[in-house]
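Since the structure comes first, as structure tokens, the remarks are kept for the end.
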Amino acid sequence: MSVSMDVLVSLCKRRGFIFQSSEIYGGTGSCWDYGPLGVELKNNLRRVWWRDFVQVRNDVVGLDASILMHPMVWKASGHTEKFTDPMVDCRECKLRFRADQVNEQPWTHYCPATKGNKFTVPAGEGCRHCGATRTLCPECGKGELTAPRQFNLMFKTFMGPVEEEATLTYLRPETAQGIFVNFDNVLQAMRLKLPFGIAQIGKAFRNEITPGNFIFRVRELEQMEIEYFVNPHDTVEGRPADEYWHERWIEEYLAWFQRYGMQRENLRLREHDKDELSHYSKRTVDIDYRFPMGWSELMGIANRTDYDLKQHAKFSGKALTYFDEERKEHVVPYVIEPSVGVERPLLAFLVDAYREEEVRGEKRVVLRFHRELAPIKIAVLPLLKKRGEIVAIAHDIRARLARSWRAVYDDTAAIGRLYRRQDEVGTPYCVTVDVKTVGDPDKGEAGDGQVTIRERDSMEQIRVPAAELESVFAGLLGETPWPEVAARYPRTV
Ligand code: ATP
């Protein structure tokens, strides 16, 4: 049974991952702030993405384009005209819904068969008493809905001191266009050969009509996009290069999500029907995730063909082509676009990490984050905070480890409680300093200079010389699995 959204929202708030934006003023719709642990998690997600898709690859380079762009960009890309959702308004309560999503929520019904009693009927179902299906506003149950009208999702703003049509521009609704308009700059500067990708992480803004489901649909989002350019005249393994690379990117991402903790059964591929395809797309495949509210889009992988480069060439008058040395011809590359937000994978990794377990008759909540995603890598805990030497050594260890990893010190509760707190935020390792570490001068006992390392998932503990902690964690937070390290040191309970 997967975790409910309410449980996640509450854990995220309580433990400093995610807060509602401007909460003290009643909150802003669909904007969220990332707290001390949320910002670490988000940074880690961005960092592993950049490392895996840019740094280690020989065929992808990075870019950081500005959010505000020339307004012509959005004319050329089709966003001014086509980046719209059909919306309907309730004539009674004035609420606004996406026409294609209005049946995806439970609806309020005043049932004539039960003297007008009010019911909430599950999404997409008819009333059990009178058999009626929804025709009125799902929220108030009384108002008629207007016919669908197209609503542009771009946020408008003005560049400079005068608010007039000539200075109108938009907050970018996707990072992709920053890549297309820089295609020639990057190509010339880096002397790239097809196929190659340009990657970018950055904010994008969409004035979504019905935002919601926590961070799943937000108005200010962050995207991690790659535009992967291929030569449309090439074939790879007997297939057109664009089709081959489309498949490759789908596989790459399926593997990547699983590598950091999503389970295969929570992922599925969904092919867009011909009539659902965006105006630029030859083929689009979504990777859906089984979120608490049901299967929904985690990311999209589209074959955008040569549409964008051709449009920008047409609108700007600048050639955006690649010279194919072999065939001695200029070509407009095709582009495969794996496009993913930061928020949706972050939510999916949270869902897959969340576990409730029973340990010695007590409930333990644990986030089994992949070590690279975990916001805190190591918590250093003193067993007795009354003993000055224990506290001093614990602080010293934290400071040493913090040079390489996010490490925290905590002495605000008894040890069992401290472990549970770290489990609940997904900290993979705790280090405990105790009386045996420092010894007891009153009894004439010398300290052994060793500390306990506890592993989050197995809750196993080993005894390790404090001086070896850096090298032990270099292994554990690198590629060495726990059992291999644990086998080298004595176990403790
Ligand atoms: P949806 O159909 O859910 O509105 P979309 O098809 O419009 O999404 P794309 O334009 O393909 O989304 O954007 C690529 C990716 O960017 C999405 O798969 C998602 O990961 C992310 N994304 C898009 N819109 C939002 C949003 N409002 N909030 C959070 N993430 C988003």
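What FRET efficiency comes out for H70 versus N207 if R0 is 25 angstrom and r is the Cβ-Cβ distance? Round to the nearest 0.05. Taking R0 as 25 Å, the efficiency between H70 and N207 is 0.80. Applying the criteria of a DSSP loop state and at most 12 other Cβ atoms within 10 Å to the trypsin sites (Lys or Arg not before Pro) of the stretch 417-493 yields R488. The local environment of A374, defined by Cβ-Cβ distances under 10 Å, has a net charge of +3 under the rule Lys, Arg +1 and Asp, Glu -1.
You can think of it this way: the chain between R14 and D52 has 10.5 nm of extra reach, that is 0.36 nm per residue less the Cα-Cα gap.
For the stretch 162-314, with equal point scatterers placed on the C-alpha atoms only and solvent neglected, what are the log10 I(q)/I(0) values from the Debye formula at q = 0.08, 0.12, 0.16 1/Å, to two decimals? Result of the Debye calculation: -0.28, -0.64, -1.12.
Spin-label model, H233 to K142: label points 7 Å out along the Cα-to-beta-carbon direction sit 6.8 nm apart. Note on L95/F155: beta-carbon distance plugged into 1/(1 + (r/R0)^6) with R0 of 35 Å gives a FRET efficiency of 0.95.
Counting only DSSP beta bridges with both residues in the chain, tell me the antiparallel percent, nearest 5. Walk me through the numbers on the way to the answer.
Details: 81 of 93 bridges.
Here the antiparallel bridges make up roughly 85 percent for the chain.
Normalised per residue, the accessible area of the chain is 49 Å², obtained with a 1.4 Å probe and no contribution from ligands, DNA or RNA.
Output ³J(HN,Hα) for the stretch 222-236: one whole-Hz value per residue in order, computed from phi by the Karplus curve 6.51 cos²θ - 1.76 cosθ + 1.60 with θ = phi - 60°, and x for Gly and Pro. In residue order, the calculated couplings are 10, 10, 10, 10, 10, 9, 10, 8, 10, 7, x, 8, 7, 10, 10 Hz.
Computed with a 1.4 Å probe over protein heavy atoms only, the accessible area of C111 comes to about 0 Å².
A simple spin-label model places pseudo-atoms 7 Å from Cα toward Cβ; at Q263 and K310 they are separated by 4.5 nm. Each residue of the stretch 157-172 is assigned a 3J(HN,Hα), and the resulting list reads 8, 10, 9, x, x, 10, 8, 9, 3, 5, 9, 5, 9, 10, 7, 4 Hz, derived from the Karplus form 6.51 cos²θ - 1.76 cosθ + 1.60 (θ = phi - 60°), x at Gly and Pro.
For n ≥ 4 DSSP H runs only, could you compute -39500 (n - 2.57) per run for the chain, divide by its residues and tell me the 222 nm figure to the nearest 500? Using -39500 (n - 2.57) per qualifying helix, the result is -7500 deg cm²/dmol. The lysines within cross-link reach of K142, meaning a Cα-to-Cα straight distance under 20 Å and a gap of 8 or more places when in the same chain, are K94, K115, K118.
For I397, what charge total do you get from the other residues with a beta carbon under 12 Å from its beta carbon, if Lys and Arg give +1 and Asp and Glu give -1? Once all neighbours under 12 Å are counted, the net charge is 0. Over the chain, the Kirkwood radius and the radius of gyration, each from Cα atoms, give a ratio Rg/Rh of 1.04. In plain terms, the chain from D275 to A123 could stretch by 52.3 nm, reckoned as 0.36 nm per residue minus the Cα-Cα distance. Which aspartates and glutamates, on any chain, are close to K75 with Cα under 15 Å apart, when same-chain ones fewer than 8 places away are left out? Correct list for K75: E165, E174, D308.
3J(HN,Hα) couplings calculated from phi for the stretch 374-390 with the Karplus curve 6.51 cos²θ - 1.76 cosθ + 1.60 (θ = phi - 60°) are, in sequence order, 3, x, 10, 8, 9, 10, 9, 10, x, 6, 10, 7, 7, 8, x, 5, 5 Hz; Gly and Pro show x.
Between R368 and R417, the modelled label-to-label distance comes to 2.8 nm, taking each label 7 Å out from Cα in the direction of the beta carbon.
Set the Förster distance to 35 Å, then compute FRET efficiency between T28 and D457 from the Cβ-Cβ distance, nearest 0.05.
Values: r = 37 Å, r/R0 = 1.06.
The calculated FRET efficiency here is 0.40.
Rolling a 1.4 angstrom probe over the chain with all protein chains present gives an accessible area of which 49% lies on carbon and sulfur atoms.
Calculation over all alpha carbon pairs of the stretch 317-376 in 5 angstrom steps from 0 returns a P(r) of 4, 12, 12, 12, 9, 7, 6, 7, 8, 8, 5, 3, 3, 3, 1 percent. In straight-distance terms, cross-link reach from K42 covers every one of the lysines whose alpha-carbon lies under 27 Å from its own, apart from those fewer than eight places away in the same chain; here that gives K13, K203, K377.
Take M69, M459 and sort them by solvent-accessible surface of the protein heavy atoms, 1.4 Å probe, largest at the top.
If we order M69, M459 from most to least accessible, we get M459, M69.
A viscosity of 0.692 mPa s and a temperature of 37 °C, combined with the Kirkwood radius over C-alpha pairs in the Stokes-Einstein formula, give the stretch 44-160 a diffusion coefficient of 178 µm²/s.
Accessible area per residue was computed with a 1.4 Å probe on protein heavy atoms; I209 scores about 20 Å². For S281, the solvent-accessible surface with a 1.4 Å probe is about 20 Å², rounded to the nearest 10.
Would you kindly state how much longer the chain becomes between N43 and V61 on full extension, computed as 0.36 nm times their sequence separation minus their alpha carbon distance, in nm to one decimal?
On the way: separation 18, 0.36 × 18 = 6.48 nm, distance 1.94 nm.
Between N43 and V61, full extension yields 4.5 nm more.
The values are calculated or read from the model by the stated rules, or taken from the named source; none is laboratory data. Since we're looking at a predicted model, the values are computed, not measured. Note: ideal-geometry Cβ built from the backbone for every residue, glycine included; neighbour counts use all protein chains shown. We work out accessible area using only protein heavy atoms, side chains counted, and drop any ligands, DNA or RNA first. Shrake-Rupley method; radii C 1.70, N 1.55, O 1.52, S 1.80 Å.
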